[in-house]
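What follows is a single structure, written as structure tokens, with notes after it.
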Amino acid sequence: MTITTGSSQFLQLYSCSRWRIIWAASLLLLGLSGIVFLSLTKGSVALTSEEIMAAALRQGSDVNQTIFWDLRLPRVLAALIVGAALGLSGALLQGMLRNGLASPFLLGISAGAGLMVVLMVGLNLLQVWVPFGAWLGAVMTTLLVYMLARTGTTLSIERLILGGVAFSSLFGAIQSLLLLNSPDGQFQAALNWLIGSLNGRGWAEVTIAGPSVLVAAIVGCLLARQVNVLCLGDDLAMGLGTSLVRSRCLIGAVATLLAAGAVSIAGLVGFVGLIVPHGVRLLVGTDYRLVLPFSTLAGAFVLAGADLLARLGPVELPVGGVTAILGAPMFIWLLYRRRVLGGQ
Amino acid sequence: MPLDVQRLTGGYGDRAIIEAIDLTLRHGEWLSLLGANGSGKSTLLRLMSRILKPQVGTVLLDGRDIHQLSPTAVAKRLALLPQQQILPEGLTVDQLVSLGRSPHQPWWQWDLDAVGREQVEKALYWTEIEHYRDRLVTTLSGGERQRAFLALALAQDPKVLLLDEPTTFLDLNYQLQLLQLLKRLNQERQLSIITVLHDINLAARYSDRLALLRQGKLWAVGPPLEMLQPQILADVFEIQAVIIETPIGPQICPLSASTAAPPIPSTASM
């Protein structure tokens, strides 16, 4: 085999160098800081960096302090948590299921959470508990999918995916029927959840879901080598001493807790969990020891950016709408880039 | 004995593919499993490597039931190279081979320790692929790829190595290179090896003993010289063959299939 020296061929033949990774990490962290800074300063009331600094130190005008502490900081934190959770959850599932189409919502999470939200909103039941209801719906549906997928002592990828599709269709259908028969006001309220929004999210959401997402994110990143081994195929992974059922349950549980945490804060924000891992792999290769932490950071970056866009327009949009509208063309572009780089 | 199979019956679901097999792998021995398609060679290999659970019988690894041991305890002593590998996109040879240390690492540990690094270096050295450790696995040729996966198995530091048709998809040169490499590991490092091979001549040339399977049963087992007999080949493979003595030992020359092929329609009748 001849090794040509063209830069793209060089990239194909050799994995990402240390420098490329350091460069990518620095760029991502820089971008993240930039987005956080912009999110804190921009809005219906623009604040200068001095005003932000003063407000952060609990100095300056009361209005500025309220804007910083009670409105923008919790919202940007919520965006970072939701984005990081979705990015990591998507990367874990794509690795575990060896399927680039996997997203955090593949295993029925969105349908379960959505159905619970529509039920609670539609029946006017315990509306304050809607975030918890969404979390519970997400976790319970994934449990059902896992129980359906398990046959004897095995847990096959195909059955997991098909189970997820089956429950998603069923719960999606029930949800649509309930929505069609609900009064306009409730329909709007439920829709806001189903599209996904960070509007009005405050410290309550951040402090309830934040810690569980943080713990799940640390455990998730530590599972990187397991995901790498699973990517080698069932037989080889088993030959390397991996218990397929145990590792698929563990990775699935962490991914579900992450996604459910995100859903309980912001509702069903689509596309972040699907696209972010693809972009990250293009940047740092497919070693999940890099893909997982990078997906966490990139997810946070993307969602904070999308939320900034969502609230900068004349009318505030739900962030889920922005990720969906920007996400699909992004995905097409990534596919195109991959073809160009892959030469296939 | 490194690996001892006792009255082993097993398969998929309730269906038994292999039945009542007794087979022992001796220390430092190379044993090849031969048989026609569907005779149960791969199933036997999967049973011996703990991937499948037997319906009846036991597999003893160093005298202990393989299913009483944890998967990692087995993987520290026994490595398996399946017939077909999923090519990990974007992984380098070094990263791939490093995954062979998985059974020796706790689940949360990301990187290799000093012992692990040393074993990976040895595996790369033995398989002679040190010079392309930084290449992506997907860019390797078939032969290089097979060496990289062999290095992954060797990084496990196994005493027993099971290989399912390691030479399929390789051209003759690569086939010989790979088998010579295995022979060296077998002789110099006392690695006990079981291979499933399709090529009877290559199996006879490199293995110490051949185990012939027919319809899920062990038909005969013994050194190549005893196994390569016209009658045994007719029974197991349903072929007519002559055995030729060559400087590299007995080799077979197949003459025809025993089962009569359907007659070719004559052109006149068409």
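None of the figures in this text is laboratory data; all of them are computed from the coordinates on show. Please read these numbers as outputs of a predicted model, since none were measured by experiment. Quick reminder, even Gly has a Cβ in these numbers, built from the backbone with ideal geometry, and neighbours come from all protein chains shown.
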Worksheet item: For the range B:111-173, what is the convex hull (Cα atoms) projected area averaged across all directions, in square nanometres?
Response: 5.1
Worksheet item: What is the magnitude of the charge dipole of the range B:112-232 about its Cα centre, with +1 placed on the Cβ of each Lys and Arg, -1 on the Cβ of each Asp and Glu, and no other charges, expressed in debye to the nearest 20?
Response: 280
Worksheet item: Ranked from highest to lowest mean number of other Cβ atoms within 10 Å per residue, what is the order of the peptides A:177-185, A:59-67?
Response: A:59-67, A:177-185
Worksheet item: With charges set only on the Cβ (+1 for Lys and Arg, -1 for Asp and Glu), what does the dipole of the protein assembly as shown come to about its Cα centre, in debye to the nearest 20?
Response: 300
Worksheet item: Relative to the compact globular guide of 2.2 N^0.38 Å, what is the alpha carbon radius of gyration of the protein assembly as shown, as a ratio?
Response: 1.17
Discussion item. I need two numbers for the range A:33-164: Rg to one decimal and Dmax as a whole number, Cα atoms only, in Å.
Written reply: 20.6, 65
Discussion item. What's the ranking of A:144-150, A:311-317 by average number of surrounding C-beta atoms within 10 Å, highest first?
Written reply: A:144-150, A:311-317
Practice prompt. Rounded to the nearest Å, what's the spacing between the alpha carbon centres of the range B:148-183 and the range A:192-231? Just the number, please.
Written response: 43
Worksheet entry | Cβ-based exposure ranking for A:CYS231, A:CYS249, in which fewest neighbours within 10 Å come first | A:CYS249, A:CYS231
Worksheet item: How long, wide and thick is the range A:157-253, going by the Cα atoms along their three principal axes, in whole angstroms, largest first?
Response: 57, 34, 15
Worksheet item: Once you average over the residues of A:217-229, how many Cβ atoms of partner chains fall within 10 Å of each Cβ?
Response: 3
Fill in: Listed residue pairs exceeding 23 Å between alpha carbons, taken from B:LYS183/B:LYS217; B:LYS159/B:LYS183; B:LYS41/B:LYS122; B:LYS41/B:LYS159
B:LYS183/B:LYS217; B:LYS41/B:LYS122
Practice prompt. Net charge near B:ILE193: determine it from the other residues with C-beta under 13 Å of the C-beta of B:ILE193, scoring Lys and Arg +1 and Asp and Glu -1.
Written response: +2
Fill in: Approximate spin-label separation A:ALA173-A:SER61, in nm, with each point projected 7 Å along Cα-to-Cβ
5.7
Worksheet item: In a shell of Cβ-Cβ distance under 12 Å around B:ASP164, excluding B:ASP164 itself, what net charge do Lys and Arg (+1) and Asp and Glu (-1) give?
Response: 0
Worksheet item: Taking a label point 7 Å from the Cα of A:ASN181 along the Cα→Cβ vector, which residues of the range A:115-159 have an amide N closer than 12 Å to it?
Response: A:123
Discussion item. About the Cα centre, and with charges only on the beta carbon of Lys, Arg (+1) and Asp, Glu (-1), how big is the dipole of chain A? Nearest 20 debye, please.
Written reply: 840
Item to complete: Within the range A:23-93, report the chymotrypsin sites (Phe, Trp or Tyr not before Pro) that DSSP leaves as loop and that have at most 10 other Cβ atoms within 10 Å.
Response: none
Fill in: Shielding by partners, peptide B:81-94 (average Cβ within 10 angstrom, other chains)
5
Worksheet item: Peptide A:273-286: average number of partner chain Cβ atoms within 10 Å per residue?
Response: 1
Discussion item. Taking the beta-carbon count within 10 Å as an exposure proxy, list A:LEU326, A:LEU123, B:LEU99 from fewest neighbours to most.
Written reply: A:LEU123, A:LEU326, B:LEU99
Fill in: R0 of 51 Å, Cβ-Cβ distance B:LYS217-A:GLU158: FRET efficiency to nearest 0.05
0.95
Response to the item:
Here the residues of the range B:151-189 lying in the modelled label zone of B:LYS122, meaning backbone nitrogen under 20 Å from a point 7 Å along Cα-to-Cβ, are B:151-163, B:181-189
Discussion item. Ranking request for peptides B:182-190, B:2-10, A:162-170: highest mean number of other beta-carbon atoms within 10 Å first, then the rest in descending order.
Written reply: B:2-10, A:162-170, B:182-190
Worksheet item: Which distance in Å, rounded to a whole number, links the C-alpha centroids of the range A:83-156 and the range B:39-91?
Response: 34
Worksheet, complete the sentence: At R0 = 35 Å the Cβ-Cβ FRET efficiency linking B:GLU226 and B:HIS67, nearest 0.05, sits at 0.60
Item to complete: Select from chain B the helices, each a whole stretch of DSSP H, whose alpha-carbon atoms run 15 Å or more along the helix axis and whose Kyte-Doolittle mean is at least -0.5; answer none if there are none.
Response: B:114-126, B:142-155, B:172-188
Worksheet item: Which translational diffusion coefficient, to the nearest whole µm²/s, is obtained for chain A from the Stokes-Einstein equation, given a Kirkwood hydrodynamic radius over C-alpha pairs, 4 °C and 1.567 mPa s?
Response: 62
Worksheet item: Out of every Cα-Cα pair in the range B:1-55, what percent are more than 15 Å apart?
Response: 46
Worksheet, complete the sentence: For the range B:111-270 the mean separation of alpha carbon contacts under 8 Å (6+ apart) over residue count, i.e. relative contact order in percent, is 14
Worksheet entry | Estimated distance in nm for a label pair at A:ILE208 and B:ASP199, the labels positioned 7 Å out from Cα along Cα-to-Cβ | 6.6
Discussion item. As I understand it, the dipole of the range A:168-297 uses +1 on the Cβ of Lys and Arg and -1 on the Cβ of Asp and Glu, about the Cα centre. Which of A:PHE187, A:PHE271, A:VAL229 lies farthest toward its positive end?
Written reply: A:VAL229
Worksheet item: How many nm separate the modelled label positions at A:VAL245 and B:ASP134, each set 7 Å beyond the Cα in the direction of the Cβ?
Response: 4.4
Response to the item:
Among B:GLN146, B:GLN83, B:GLN119, the residue with the largest mean-square fluctuation in a Gaussian network model of chain B built from Cα contacts under 10 Å is B:GLN83
Discussion item. Taking just the alpha carbons, could you work out the radius of gyration and Dmax for chain B, both in angstroms?
Written reply: 20.0, 76
